Amino acid sequence: MDRLLDIFWALPWPAAMGWLLLENVLLALGAIAIGHLVMRGFSIRPVGPQPEPLEWREVPLAASTVPF
């Protein structure tokens with residue numbers, strides 16, 4: 001772990017920001033994938049109502065959270 005921190009410490013800030021943006025994108029996609037798996041896993045015995053479908057205006061709102 002210390003080696004990885006040393007590598008990132010030596011990176012110029014644009015490269016570090018690129019890696020952090022990539023990490024945020026992967027985390028967001030992972031959360032979406034896990035949520036989809038949970039929804040499919042509990043579709044036989046739902047514990048609540050199905051969520052409403054996404055509206056197109058919600059997509060940019062969710063995407064705007066990734067860079068921060």
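What follows is calculated from the coordinates using simple rules that are stated; it is not laboratory data. All figures in this text were calculated on a predicted structure; none of them were measured in a lab. FYI the Cβ positions are ideal-geometry reconstructions off the backbone, even for glycines, and counts take in every protein chain you see.
A few comments on the model shown:
- Label sites at Arg57 and Val25, each approximated as a point 7 angstrom past Cα along Cα to Cβ, lie 2.7 nm apart.
- Dividing the convex hull volume of the alpha-carbon atoms in region 1-58 by its residue count gives 120 Å³ per residue.
- 0 to 90° range, to nearest 10: angle between helix 13-41 axis and the chain longest Cα axis: 20
- At R0 = 25 Å, FRET efficiency that the Cβ-Cβ distance of Arg40 and Ser64 yields, to 0.05: 0.40
- Loop GluC sites (Glu not before Pro), the chain, which have at most 12 other Cβ atoms in a 10 Å radius of their Cβ (DSSP): Glu55
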